[in-house]
1. Please list 3J(HN,Hα) in residue order for the range 139-144, calculated via the Karplus relation 6.51 cos²θ - 1.76 cosθ + 1.60 where θ = phi - 60°; whole Hz, with x for glycine and proline.
2. Taking K and R as +1 and D and E as -1, what net charge do the other residues with C-beta under 14 Å from the C-beta of HIS132 add up to?
3. Could you calculate the FRET efficiency of GLU120 with TYR84 from 1/(1 + (r/R0)^6), where r is the beta carbon distance between them and R0 is 25 Å, rounded to 0.05?
4. Mind listing the phi-derived Karplus ³J(HN,Hα) values for the range 122-136, rounded to whole Hz, using 6.51, -1.76 and 1.60 with θ = phi - 60°, and x for any glycine or proline?
5. So what's the net charge close to HIS59: Lys and Arg +1, Asp and Glu -1, counting the other residues with Cβ under 15 Å from its Cβ?
6. How many nm separate the modelled label positions at LYS51 and PHE96, each set 7 Å beyond the Cα in the direction of the Cβ?
7. Anything over 19 Å Cα to Cα? Flag those among LYS51/LYS88; LYS79/LYS118; LYS88/LYS124; LYS79/LYS134; LYS124/LYS148, in the order listed.
8. What does the charge count near GLN122 come to, summing +1 for each Lys or Arg and -1 for each Asp or Glu among other residues with Cβ under 12 Å from its Cβ?
Amino acid sequence: MRKNKYNMATGHTGVEAKYYSVFCGIIIAITFVFSLSYAIDNGPSITYEQKLLSYINQHRIKNGLAQISFDITLGETAKIHSQYMSNKNELNHANFGDRFRQSRRSLCVENIGWNYMKPEAQFKAWKNSIGHNKNMLNEQIKRAGISKVGSYVTFFACD
């Protein structure tokens, strides 16, 4: 039995230890290469907001209406309201008139939601509500902003 520099008994010869070191190095290299594949950005992921707008547009098409497009400015308006609701921990349409005036549009509708973690669940809840469904199917709206902050969602759409 050989003793290493720490005076511990070891059953490995110098050649066996060298092969062991090479084997460990190969395993580490393979692990590193495979971990890189998980870090590569495979393109943008579909966000909650994009998926929700997709459900709304599919619903509109099924009802003979044109799709609505995402509007960055209305998206920011929706985000501010979702953040407001999240900060207050309260579902509300507070200051809708201000959002409408700031949009400089002639018509806007708004749906809000709370605690629907999946966009499909939020969409189904709105679809099953007469008022919310009417907003999603309003033939005059052409663009929308959608934002989810925490558990709060705002759909703000205008002509």
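1. 5, 7, 6, 10, 9, 8
2. The answer is +3.
3. Values: r = 25 Å, r/R0 = 1.00.
Once the sixth-power term is evaluated, E becomes 0.50.
4. Karplus values, whole Hz, x for Gly and Pro: 4, 4, 4, 4, 5, 4, 7, 10, 3, x, 5, 5, 4, 5, 5.
5. Values: positive: LYS51, ARG60, LYS62, LYS124, LYS127, LYS134; negative: GLU120, GLU139.
Overall, the nearby charge balance is +4.
6. The two pseudo-label positions are separated by 2.7 nm.
7. Flagged as over cut-off: LYS51/LYS88; LYS88/LYS124; LYS79/LYS134.
8. Working: positive: LYS51, LYS118, LYS124, LYS127, LYS148; negative: GLU49, GLU120.
Every neighbour counted, the sum reads +3.
The values are calculated or read from the model by the stated rules, or taken from the named source; none is laboratory data. Computed from a prediction, not measured in an experiment: that's the story for all the values here. Please note: Cβ atoms are built from the backbone with ideal geometry, for glycine as well, and neighbour counts cover all protein chains shown. Each accessible area value is taken on the protein alone, full model and side chains, heavy atoms only, with ligands, DNA and RNA left out. Shrake-Rupley method; radii C 1.70, N 1.55, O 1.52, S 1.80 Å.
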